[in-house]
Amino acid sequence: MYSLRLAAIFKIVRGLTNAHDEKSRGSPAFANDYLYAKYGAEIFSNHNVLNASMFDGADVNTLIPSAQHQLKISHRRRLDEASASESGVSPLFMGIGTHYAHVYVGEPPQRVSVIVDTGSHHTAFPCSGCKSCGHHTDPYFDPSKSKSLRWLECHECVASARCVQHKCQVSQSYTEGSSWKAYQMRDAYYVGGETLKSQPRYLGSAEGNPDDDWLMTPFIFGCQTYETGLFRTQKADGIMGMSMHSQTLVPTMRAAGKIDHNVFALCFMYGGGTMALGGVDRRLHKTAMKFTPLAKNSGWFTVRLLDVKLNGRSLEIQPSVFATGKGTIIDSGTTDTYLPRRAAERFKHVWTEIMGPLPKYANTKLAYSPETVAKFPTITFAFENGVEVRVKPSAYIEQAGGKYIPRVYLTEASGTVLGANFMQDHDIFFDAENRRVGFAEANCAYVSEDKRTPTPAQRARRLIESKHNFSIGNAVRRL
């Protein structure tokens with residue numbers, strides 16, 4: 001979540017602060033946004049509004065029907081022409097232990113890469129002149145080049161920002177030593193693809209014309225002027241908070257009338273994935289989507305975890321153990337999964353029953369024989385409403401130099417963090433509007449509207465990039 005950490009090197013204990021309580025409280029409405037009033041005729045005219053029917057088979061108010069067959073990357077079916085649309089569906093890319101999206105900011109748009117983080121409400125990235133901000137995927141955002149940008153004045157500061165030199169300054173520090181400072185601004189903002197010609201569009205939009213990207217929304221973000229620590233070395237430029245806070249992107253889009261529903265979906269795979277804003281793309285699904293209710297109405301996406309099983313064998317731990325403190329949160333910005341310390345003994349006991357006494361379970365490089373490797377258990381997380389999410393060894397076991405590193409940590413002081421490896425190969429539907437989260441096993445490969453099957457070169461590039469970036473010691477986001 002928010003900060004960066006070296007997995008298997010740093011042991012960072014998540015700290016709950018009063019600042020997080022503040023983050024779940026209200027924000028100003030965006031309907032009468034200054035930018036929209038000033039630039040609406042120029043930038044936002046003739047834009048369609050997203051609705052659930054634009055997603056094949058999507059229905060944000062009822063359970064989604066089961067897919068009729070298992071989708072494969074090489075045999076993705078085409079949509080009926082009447083419903084064909086990639087509107088609101090964008091690719092995700094693999095960073096250093098995290099997944100990121102390309103967003104386009106300003107008029108004319110400048111590309112910025114941001115880690116998608118359901119464990120944060122901050123959106124921030126380096127701007128021109130930023131001190132010691134490191135090298136990332138894109139040049140620093142240059143506010144002077146955007147004719148639609150507006151700096152927030154002191155009476156408009158949000159999210160605990162304070163007035164500094166007549167601007168709204170926000171800062172954030174993290175347990176492993178990273179920090180950043182930024183000034184808040186508002187500008188046109190939308191999520192897209194790798195280039196301006198690969199943006200999500202409604203049907204009939206002009207090819208390659210960024211002004212036709214109807215998802216463009218006036219949005220408040222932090223223009224970073226200073227950063228330290230692991231923020232300087234991450235691949236993505238910045239971070240995009242996707243919590244339930246009203247100032248994150250999806251609620252802002254809903255308030256501005258850009259989408260019909262305060263919902264989004266993240267589908268992570270090894271090397272990339274797919275994100276849908278305002279709905280869910282059922283074309284990705286291998287199984288029917290099942291829903292579990294949210295345990296809280298604001299802040300993080302918190303669910304009630306009832307049991308954890310290894311190859312079907314229950315840890316036999318009271319659900320209250322997983323619910324202490326912050327509870328069980330789904331955190332796309334954290335690479336790994338963290339169970340409470342009170343679950344460690346039982347987890348190791350059941351693991352030993354399955355894998356044998358040696359080597360003992362640890363989050364370090366372990367030597368296993370080929371026969372033992374074949375016995376790595378599937379970990380099942382059981383939630384309310386009978387929902388079970390099965391995490392395969394390929395998601396939580398990392399291979400390094402002929403050895404294996406389990407990436408489920410048994411160190412959380414309280415509560416549980418379900419990170420990106422928990423999410424892998426599932427489409428997860430974050431439905432703040434109906435206070436629930438949906439899960440479906442999925443083929444998460446993003447395929448554009450005009451070329452639904454990724455080329456071998458594209459698949460190879462994603463695999464090479466992910467193998468290059470995802471190794472022991474890579475950074476993850478934790479508070």
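At a glance:
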item: Qualifying residues in segment 114-133 (those that are touching a helix residue (DSSP H, G or I) at 6+ places or on another chain (Cβ under 8 Å) and open to solvent by 20 Å² or more (accessible area, probe 1.4 Å)) - the one nearest to Asp431 (Cα to Cα); result: Ser128
item: Filtered residues of segment 96-105 (kept if within 19 Å of Asp427 (Cα to Cα) and part of a loop (DSSP other than H, G, I, E, B)); result: Gly97, Thr98
item: Criterion violated by Leu152 - all others in (1) closer than 20 Å to Tyr189 by Cα; (2) in contact with a helix residue (DSSP H, G or I) (Cβ under 9 Å, 6 or more places away or on another chain); (3) not small (Gly, Ala, Ser) satisfied; result: (2)
item: Enumeration of residues in segment 262-316 that are open to solvent by less than 10 Å² (accessible area, probe 1.4 Å) and within 20 Å of Ser414 (Cα to Cα); result: Phe301, Thr302, Val303, Leu305, Val308, Leu315
item: Residue within segment 425-444 that is at pLDDT below 85 and in contact with a Lys or Arg (Cβ under 6 Å, 6 or more places away or on another chain) present; result: no
item: Test: residue in segment 413-436 that is more than 20 Å from the chain's Cα centre (by Cα) and of a type in the set (A, V, I, L, M, F, W, C); result: yes
item: Filter result for Gly278 (touching a Gly at 6+ places or on another chain (Cβ under 8 Å) and at positive phi); result: yes
item: Scan of segment 416-431 for residues that are in a loop (DSSP other than H, G, I, E, B) and open to solvent by less than 10 Å² (accessible area, probe 1.4 Å), ordered by number; result: Gly419
item: Lone qualifier among Ala400, Ala420 - being more than 18 Å from Val350 (Cβ to Cβ) and out of contact with any strand residue (DSSP E or B) (no Cβ under 9 Å at 6 or more places or on another chain); result: Ala400
item: Given (1) within 20 Å of the chain's Cα centre (by Cα); (2) part of a strand (DSSP E or B); (3) surrounded by 20 or more Cβ atoms within 10 Å (Cβ to Cβ), index of the condition Arg111 fails; result: (3)
item: Residue check, Tyr409 of a type outside the set (D, E, K, R), without any contact (Cβ under 8 Å) to a residue 60 or more places away in the chain and not in a helix (DSSP H, G or I); result: no
item: Residue among Tyr404, Tyr396 that alone is open to solvent by less than 10 Å² (accessible area, probe 1.4 Å), touching a Phe, Trp or Tyr at 6+ places or on another chain (Cβ under 9 Å) and not charged (D, E, K, R); result: Tyr396
item: Failed item, numbered, when Gly97 is tested on (1) closer than 30 Å to Gly327 by Cβ; (2) over 22 Å from the mean Cα position of the chain (by Cα); result: (2)
item: Qualifying residue in segment 447-465 (condition: within 21 Å of the chain's Cα centre (by Cα), outside any helix (DSSP H, G or I), at pLDDT below 95 and farther than 29 Å from Ser171 by Cα); result: yes
item: Top-ranked residue of segment 134-145 - restricted to ones that are open to solvent by 80 Å² or more (accessible area, probe 1.4 Å) and either at pLDDT below 95 or part of a loop (DSSP other than H, G, I, E, B) (or both), ranked as nearest to Ile96 (Cα to Cα); result: His135
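Okay, residues lined up against (1) open to solvent by less than 10 Å² (accessible area, probe 1.4 Å); (2) under 18 Å from the mean Cα position of the chain (by Cα):
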site: Thr228; (1), (2): no, no
site: Phe231; (1), (2): yes, yes
site: Ala236; (1), (2): yes, yes
site: Met244; (1), (2): no, yes
site: Pro251; (1), (2): no, yes
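Residue by residue, here is whether (1) free of Cβ contacts under 8 Å to residues at least 60 places away in the same chain; (2) crowded, with 16+ Cβ neighbours inside 10 Å; (3) closer than 29 Å to Phe93 by Cα; (4) of a type in the set (D, E, K, R) holds:
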residue: Ile330; (1), (2), (3), (4): no, yes, yes, no
residue: Thr334; (1), (2), (3), (4): no, yes, yes, no
residue: Arg341; (1), (2), (3), (4): no, no, no, yes
residue: Tyr361; (1), (2), (3), (4): yes, yes, no, no
residue: Pro377; (1), (2), (3), (4): no, yes, yes, no
residue: Val391; (1), (2), (3), (4): yes, yes, yes, no
residue: Ser414; (1), (2), (3), (4): no, yes, no, no
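The values are calculated or read from the model by the stated rules, or taken from the named source; none is laboratory data. The model shown is predicted, which means the values in this text are computed figures rather than measured ones. Ideal geometry is used to build each Cβ from the backbone, glycine not excepted, and the neighbour counts take in all protein chains shown. These accessible areas exclude ligands, DNA and RNA; they are computed on the full protein's heavy atoms, side chains included. Shrake-Rupley method; radii C 1.70, N 1.55, O 1.52, S 1.80 Å.
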